[in-house]
Amino acid sequence: MILNAFFLALGQLGDPRFRRVLLLGVGLTIALLIASYVGVLWLVRWLVGEDASLPFIGPVGWLNDLAGWSSVGLMLVLSVFLMMPVASAITSLFLDEVAQAVEDRHYPALPPAKPVPLVDQVLDTIGFLGVLIVANIIALMLATVLFFFFPPAWAAVFWGLNGFLLGREYFTLAAIRRVGRAEAKRLRARYAGTIWLAGTVMAIPLSVPLLNLLIPIIGAATFTHIFHAAEARMVAVRSDPSG
């Protein structure tokens, strides 16, 4: 199920709707990171002030510049770790278009999907972004500690955690538009192992710069296929008199 869904998703990367979602997600992500940097820089300059001084030294005009350049370095480091979660969360606002593109090509007989209200999409996106950022910060700290004892643990922690979160989010996004939130949760619980494993397959390329920006698109497409395969199995089980 997983490999078939993954390769079907890769085969559709040239779809114009995929490219549109990618450009929207990356563009908004870069704009958000730039806005965040401007905000941090303004805060640093406001805290330091124009006439900064140090005890026993007096006024120091270079402290403001030092603080400004330090904030540049801080934001560059943070962007390495925040680029992917922020891009994933923002792109999730547009993943309905990816799922629809997949269904138009591979499941043309389906009736129109029920659109998820915009308010619900925004709330889900904010929640997903918050969980991703907090989880990745925790994973980074844990992986840093484990690295000194067992280096491969870094990859296991990072991929395993992000795989769980990505699988949970993208499967829900694919399922909710077809069967509603409650049934999406039931399907997610029934196929939890498959979803986690598929999410981990999505999480592995997160370590590769630039390639990781494609993960929200590939993930949404892959989990659309996984959802339809899981739903077909559930229908088969329910219709089996011996089951």
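The values are calculated or read from the model by the stated rules, or taken from the named source; none is laboratory data. Only a predicted model underlies this, so the values are computations on that prediction, with no experimental measurement involved. With ideal geometry, Cβ positions are generated from the backbone for all residues, glycine too; neighbour counts draw on all protein chains shown. Just the protein is used for accessible areas: all its heavy atoms, side chains included, with ligands, DNA and RNA removed. Shrake-Rupley method; radii C 1.70, N 1.55, O 1.52, S 1.80 Å.
Among residues of segment 1-25 that are of a type in the set (D, E, K, R), those with a Cβ under 6 angstrom from a residue that is surrounded by 14 or more Cβ atoms within 10 Å (Cβ to Cβ), sequence gap 6+ or separate chain, pair up as Asp15/Ala101; Arg17/Glu97; Arg17/Ala101. Within segment 140-156, is even one residue at negative phi and within 14 Å of the chain's Cα centre (by Cα)? No - not one qualifying residue is present in segment 140-156.
When the residues of segment 95-116 are filtered to those that are of a type in the set (D, E, K, R) and either in a helix (DSSP H, G or I) or in contact with a Pro (Cβ under 9 Å, 6 or more places away or on another chain) (or both), the one that is nearest to Ala174 (Cα to Cα) is Asp96. Regarding segment 103-124, can at least one residue be identified that is in contact (Cβ under 8 Å) with a residue 24 or more places away in the chain and over 29 Å from Gly11 (Cβ atoms)? Within segment 103-124, one or more residues are in contact (Cβ under 8 Å) with a residue 24 or more places away in the chain and over 29 Å from Gly11 (Cβ atoms).
Residues in segment 187-205 include at least one that is closer than 22 Å to Arg17 by Cβ, part of a helix (DSSP H, G or I), out of contact with any Lys or Arg (no Cβ under 7 Å at 6 or more places or on another chain) and without any contact (Cβ under 8 Å) to a residue 60 or more places away in the chain.
For segment 206-230, a tally of residues being open to solvent by 40 Å² or more (accessible area, probe 1.4 Å) and either in contact (Cβ under 8 Å) with a residue 12 or more places away in the chain or not in a helix (DSSP H, G or I) (or both) returns 5. Taken as a whole, the condition of being over 21 Å from Leu123 (Cβ atoms), assigned to a helix (DSSP H, G or I) and open to solvent by less than 50 Å² (accessible area, probe 1.4 Å) does not apply to Thr172.
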